[in-house]
Amino acid sequence: MRCLMKVKRMYIICIVMGVLIGVFFYRWRYNKLKNRYEKSKILEDKHLEMFLLYDRWIQNKQNGKKIGDYFEENGLKQVVIYGVSYIGKRLFKELNIDGIEVKYLVDQKQYEDIDGKEVIQIRENMDSVDAVIVTSIYYFEDIEDELKGKFKCPILSLGDIIYKV
């Protein structure tokens, strides 16, 4: 009888330990999958915004509207482009075509020159310009806060410009 009681206790302890290990493993795996989902959702939202921006940009071009028109109407002759990945490269070429001077190409990452123009990181001693155009529309608010202390000119989102043209 005593032996049977010991076996029952061991059996109960094994079940409890198995449940605890299972719960721990489930929570660990759940958190890992949740983090992966959240990162992929952010990337999905970012790419959707980029796609919609490109779509509107093409619509504007098809309707004879140019980004340069916005700059001319607002007296912006010299600008900084912040963010020179896909969209930044397209904007740089577009502004060159429209006769708007891009004084600096700025990015956090190190890039090769774009059409002979050096891509730099933010420096303390940069010449003044009429505006800074941020191409990373998904993170615009964060970038704007960072740039406010470095530039005395307006900091504009390319998204706002594209939708106002």
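Below, the figures for the structure above:
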{"quantity": "Value of [θ]222 nm, deg cm²/dmol, for the chain, DSSP H segments ≥ 4, -39500 (n - 2.57) each, nearest 500", "calculated": "-20000 deg cm²/dmol"}
{"quantity": "Alpha-carbon Rg with Dmax, taken over the stretch 1-116, Å", "calculated": "29.5, 96"}
{"quantity": "GLN110/LYS164 FRET efficiency (R0 45 Å; Cβ-Cβ; nearest 0.05)", "calculated": "0.90"}
{"quantity": "Protection proxy ranking, peptides 50-59, 106-115, average beta carbon neighbours within 10 Å, highest first", "calculated": "50-59, 106-115"}
{"quantity": "0 to 90° range, to nearest 10: angle between helix 86-97 axis and the chain longest Cα axis", "calculated": "0 degrees"}
{"quantity": "In Hz, Karplus ³J(HN,Hα) per residue of the stretch 13-23 (6.51, -1.76, 1.60; θ = phi - 60°; x = Gly, Pro)", "calculated": "4, 4, 5, 4, 4, x, 5, 4, 5, x, 5"}
{"quantity": "Protection-proxy order for peptides 134-146, 76-88, each taking the mean of Cβ atoms within 10 Å per residue, highest first", "calculated": "76-88, 134-146"}
{"quantity": "Radius 14 Å from Cβ of TYR70, net charge of other residues (Lys, Arg +1; Asp, Glu -1)", "calculated": "-1"}
{"quantity": "Unit charges on C-beta of K, R, D, E only; dipole of the chain, Debye", "calculated": "2020 debye"}
{"quantity": "Amide H contacts of VAL134 (H built 1.01 Å from N, under 5 Å, at least 5 apart or other chain)", "calculated": "TYR82, LEU156, SER157, LEU158"}
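Bear in mind that the values in this text are calculations on the coordinates, not laboratory data. Note that this is a predicted model, so its numbers are computed, not measured. Backbone-built Cβ (ideal geometry, glycine too); neighbour counts: all protein chains shown.
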